[in-house]
Amino acid sequence: MHEFTIAKEIIMHLNEFKKRQNDLKIIGLNIELGEFTFANEEQIKFWLKELLKDTNKININIKRIKPIVYCNKCGYSGNIKFSADPLYHFLLPDLRCEKCNSKRIDLIKGRECNLKSVKVKKTFNKKKKLL
Ligand SMILES: [Zn+2]
């Protein structure tokens, strides 16, 4: 239920946003997803739509973020090659520096899941109009 957890977290942020902007209708979500989450985009979209129920017309965009590492041995910083094994849902792959093959590397980017932006449309409060 990895994707479900991610979707739930996005909804949490979305609810915070909605509290501050209650005359706006959400029509789109832009999400950044690190490749090292090994999460399935379609499943995230499915859970988001499931959790949002009343707002089925939301356009969901998911942008993949390439992982970036930093090597503590040689100072290399940049992309890293890895294979997408389904096992990595539970376990981080054995990462090695592209330059010196050291295992002392830190993952700087690639495990994030950010709600980057929310597309909104202004709605009119009908009750107010009547007054
Ligand atoms: Zn290195």
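The values are calculated or read from the model by the stated rules, or taken from the named source; none is laboratory data. In this text the structure is predicted, and so the values were computed from the model without any measurement. Glycine also receives a Cβ, built like all others from the backbone with ideal geometry; neighbour counts cover every protein chain displayed.
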Got a sec? Which of Lys57, Lys8, Lys49 is at pLDDT below 85 and either assigned by TED's automatic domain parsing to the domain that holds Ser117 or in a helix (DSSP H, G or I) (or both)? Lys57
In this structure, does Cys74 turn out to be within 16 Å of the ligand (Cβ to nearest atom) and at pLDDT 95 or above? yes
Taking segment 11-46 and keeping residues assigned to a helix (DSSP H, G or I) and β-branched (Val, Ile, Thr) leaves Ile11, Thr37, Ile44
Given (1) modelled with pLDDT of 85 or more; (2) touching a helix residue (DSSP H, G or I) at 6+ places or on another chain (Cβ under 9 Å); (3) outside the structural domain of Lys18 (by TED's automatic domain parsing), index of the condition Ile105 fails: (2)
